[in-house]
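Colleague: One structure is given below, represented as structure tokens, and several questions about it will come after.
The values are calculated or read from the model by the stated rules, or taken from the named source; none is laboratory data. Just so you know, these numbers come straight off a predicted model, no measurement behind them. For neighbour counting, all protein chains shown are included, and Cβ atoms are generated from backbone atoms with ideal geometry for every residue, glycine included. What goes into the accessible areas is simple: the full protein's heavy atoms, side chains included, and nothing from ligands, DNA or RNA. Shrake-Rupley method; radii C 1.70, N 1.55, O 1.52, S 1.80 Å.
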Amino acid sequence: MTTLSIIKADTGGFVGHCEVHPDMLVAATTAVETAIAQGLLIDGKVSRCGDDISLIMTHDHGPDAEPVHTFAWETFLRTTEIAKQLGLYGAGQDLLSDAFSGNLRGMGPGYAELEFTERASEPVICFLADKTEPGAWNLPLYKMFADPFNTAGLVIDEKMHDGFRFEVYDLYEEKRITFDTPRDSYDLLMFIGAPARYVVHSVESIKLGVPAAATSTQRLSLIAGRYVGKDDPVMIVRCQSGLPAVGEVLEPFSFPYAVAGCMRGSHHAPIMPVGLAQATPARFDGPPRVVALGFQITGGKLIGPRDMFADPSFDRARSQANEAMDYFRGHGPFEPHRLPLSELEYTTMSALEAKMADRWEPMPPVPATRAPV
Ligand code: 13P
Ligand code: 13P
Ligand code: MG
Ligand code: MG
Ligand code: MG
Ligand code: MG
């Protein structure tokens, strides 16, 4: 069995929350090369989207493995040091605790991990996003694995026709449930249409019984109990041979759907699929970005990445995203651009409520009804 792990963290932004400084990428790459040489990892690549560094790693330790999580944590401490030396913004932003004890759960960094038996050819797409949250994967995952208008294979590939099993987490109550599509499609949509709370954690093929997709499902705001930014998410999707084809996996991103995140983690804005060179959210700290890194995995080796959205077939999604951004920005501080009060990550509301407490008064009484003329 091979395990593919993407572990990511924002350990400092260059400039503001825009990008990762090249020196940090060099340090992370050196760390990964050392871990390969020492036999901890089979292979590994370092990438980034916006101000978040991703360590994309193959190994045989399985998910939630202490040595792999420890390696990632130590690498992020190293990139934090560089961010501090360079005075970068929010150095160590996503490292929420000084007391790491072997597993990253609740520590701040996000991770998606998938353990599988390698097929003769193993095409995988690693999605990295910035300025949004894990629920942002709900819509594209539904389209890839449950919508025949997106994925032709659901109808015409005998291995896909039985559908897919979605595992959904309730981030508020820390519980999980599974739905089998197409049978439970409408039930599934009722939940994952509320992506701030219900997040697809994994997907597997019903017919083949193999894992197909995994997402990072941490929410920093709930973990930390204070604003530290939406947890910019990552996702792994395996493709082909009874799973959606690469083009079916990329297709949902041809529509720049609205996600929560953007400025101060507190606004709805369109998600823009981009190549790595454009994964630098700028306007209003957005629009939120997603990159798709394609790999062929063979003997655990990561052949790639191919920068899948660096392609003219996504030009229209990008220009539509810019138009949608104008539309949302036109609302300024009004919903639905600004998130509802319960979802805001920055809020002056409680202070305002206290300050205004003695200025509120009851509404005027309803006037007595006049006798009909
Ligand atoms: P596979 O069934 O081999 O995955 O081929 C499907 C395909 O690539 C069509 O786009
Ligand atoms: P990041 O989570 O990408 O650091 O963004 C934080 C923010 O507030 C952007 O405006
Ligand atoms: Mg940041
Ligand atoms: Mg970020
Ligand atoms: Mg963010
Ligand atoms: Mg973040």
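Colleague: Given the condition more than 16 Å from ligand 6 (Cβ to nearest atom) and among the β-branched types (V, I, T), answer yes or no: does some residue in segment 3-20 qualify?
Modeller: Checking segment 3-20: at least one residue is more than 16 Å from ligand 6 (Cβ to nearest atom) and among the β-branched types (V, I, T).
Colleague: Also, quick follow-up: Do the conditions hold for T117, that is, is it within 16 Å of ligand 3 (Cβ to nearest atom), among the hydroxyl-bearing types (S, T, Y) and touching a residue at least 60 places away in the same chain (Cβ under 8 Å)?
Modeller: no
Colleague: Follow-up question, since we're still on this one. Can you name the condition, by its number, that D51 falls short on among (1) within 16 Å of ligand 2 (Cβ to nearest atom); (2) at pLDDT 95 or above; (3) more than 25 Å from M272 (Cβ to Cβ); (4) open to solvent by less than 10 Å² (accessible area, probe 1.4 Å)?
Modeller: Here D51 meets the rest and fails (3).
Colleague: Another question, if that's okay. Mind checking which residues of segment 231-256 are away from ligand 6 (no atom under 16 Å from the Cβ) and within 14 Å of the chain's Cα centre (by Cα)?
Modeller: I236, V237, F253
Colleague: Of all the residues that make up segment 90-112, how many are over 26 Å from S202 (Cβ atoms) and at pLDDT 90 or above?
Modeller: Total satisfying the criteria: 4.
Colleague: Hey, A27 hits all of (1) open to solvent by less than 10 Å² (accessible area, probe 1.4 Å); (2) more than 17 Å from P305 (Cα to Cα); (3) out of contact with any Asp or Glu (no Cβ under 6 Å at 6 or more places or on another chain) but one; which does it fall short on?
Modeller: The number of the failed condition is (1).
Colleague: Is there a residue being under 22 Å from T298 (Cα atoms) and either in contact (Cβ under 8 Å) with a residue 12 or more places away in the chain or open to solvent by 40 Å² or more (accessible area, probe 1.4 Å) (or both) anywhere in segment 72-85?
Modeller: No - not one qualifying residue is present in segment 72-85.
Colleague: Any residue in segment 356-370 that is open to solvent by less than 20 Å² (accessible area, probe 1.4 Å) and of a type outside the set (A, V, I, L, M, F, W, C)?
Modeller: no
Colleague: Same structure again: Is it the case that segment 68-81 has a residue that's of a type in the set (F, W, Y), within 16 Å of ligand 3 (Cβ to nearest atom) and within 21 Å of the chain's Cα centre (by Cα)?
Modeller: Yes, because at least one residue in segment 68-81 is of a type in the set (F, W, Y), within 16 Å of ligand 3 (Cβ to nearest atom) and within 21 Å of the chain's Cα centre (by Cα).
Colleague: So, of the residues in segment 297-350 that are part of a helix (DSSP H, G or I), open to solvent by less than 70 Å² (accessible area, probe 1.4 Å) and of a type in the set (F, W, Y), which turns out to be nearest to E118 (Cα to Cα)?
Modeller: Going through the qualifying residues, I end up with F314.
Colleague: Still on this model: Any residue that is in the same structural domain as P233 (by TED's automatic domain parsing), more than 20 Å from the chain's Cα centre (by Cα), surrounded by 15 or more Cβ atoms within 10 Å (Cβ to Cβ) and not in a loop (DSSP other than H, G, I, E, B) - is there at least one of those in segment 281-293?
Modeller: The answer is no; no qualifying residue exists.
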